[in-house]
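A quick write-up on the structure given underneath.
Read-outs: derived from the displayed coordinates by stated rules, not from any lab. As the structure is a prediction and not an experimental result, all values here were calculated from the model. Glycine gets a Cβ as well: all are built from the backbone with ideal geometry, and neighbour counts include every protein chain shown.
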Amino acid sequence: MRTDANVTFVQAMLLAVLQGVSELFPVSSLGHTVLLPALLRWNVDESSESFLAFVVVLHLGTALALIVFYRRDWIAIVRAFVASVARGRLSDDPNERTAWLLIAGTIPVGILGVLFQSAVKSLFASPIPVSLFLLANGFLMLFGEWLRKRQHPSTSSGQVSGGRTYRKLEDLTPKEGVFVGVMQSLALLPGISRSGSAIVAGLLRDLHHDDAARYSFLLATPVILAASLLEIPTLFAPDAHVVLQQAAAGCVVAGVTAYASVAFLTRWFRHNDLAPFAWYCIAAGALSFILFVTKVIA
């Protein structure tokens, strides 16, 4: 069985695992979804409705995994949001402030996604620019870490450095939430990581890695879910010959893998930074670019 005329079941499941890992790891899921089939010489039309429809289902699995992982947070955030609307003003409840920060961060993602999503879809079949975006993604994360170390030269979470402490997520202003959302919108470009760009934005607003990562994952949840639901009609487009059993299996595999990924990353960012992921993106992007430019991979 095949998801379309070119992708086998094994390939589809490999893409599902790749989506579950790379959507949340700051290494760009779209970038890897474009580069892997090209590097492995799969005969896949990545701009076809069938392939894009299958990718949509994988994203849905990732969104559901994030909802399950942060279910307690989401219940508290939704309740706090409803309470703030009923009250007509904000209180000091951190969950209320987080709720409005998520709204502020989602607005630019939604607007820019509507404006530019169609324009960047052509890049899905263009591995050379995608490899360059992956390379740029690595340098973006290294730049964020360099600025953070200038702000906090020798600290761990909560410690004072030069009279400064890390801010909490709820201390951000709505304007800063919009800034994080704009940065996350860079992920429209395949090769730029949604979580990586959002975490860098959080670091630039003086959050510690764990708070920046939490905001990134919470902010990604409605964005990925909404984008997936809006694209579901493509599953039933005339050119989208998606095998529903494989799509369902891929959704589950991507969801399970994404849940394991976010569980790992929330622990990782308590004591570690973006540098290992940055160097991986630089190496993978540079190697892919060289292979495609020299036509070693045709």
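Assuming R0 = 41 Å, can you tell me the calculated FRET efficiency for the pair residue 42 and residue 272, based on Cβ-Cβ distance, to the nearest 0.05?
0.75
Along its principal axes, what span do the Cα atoms of the stretch 9-293 show, with the longest given first and each in whole Å?
That gives 56, 45, 32 Å along the principal axes, largest extent first.
How large is ³J(HN,Hα) for each residue in the stretch 250-263, as worked out from phi by the Karplus curve 6.51 cos²θ - 1.76 cosθ + 1.60 (θ = phi - 60°), to whole Hz, x for Gly and Pro?
These are the phi-based 3J(HN,Hα) values: x, 4, 5, 4, 4, x, 4, 5, 5, 4, 5, 5, 5, 4 Hz.
Kindly write out, for the stretch 208-225 in residue order, the coupling ³J(HN,Hα) from the Karplus curve 6.51 cos²θ - 1.76 cosθ + 1.60 (θ = phi - 60°), rounded to whole Hz, with x marking Gly and Pro.
After applying 6.51 cos²θ - 1.76 cosθ + 1.60, I find 6, 4, 5, 5, 5, 5, 4, 4, 4, 5, 5, 5, 5, 4, x, 5, 5, 5 Hz.
Any idea which of 27, 138, 81 is furthest toward the positive side of the dipole for the stretch 9-293, if Lys and Arg beta-carbons carry +1 and Asp and Glu beta-carbons -1?
It is 81, whose Cα lies furthest towards the positive end.
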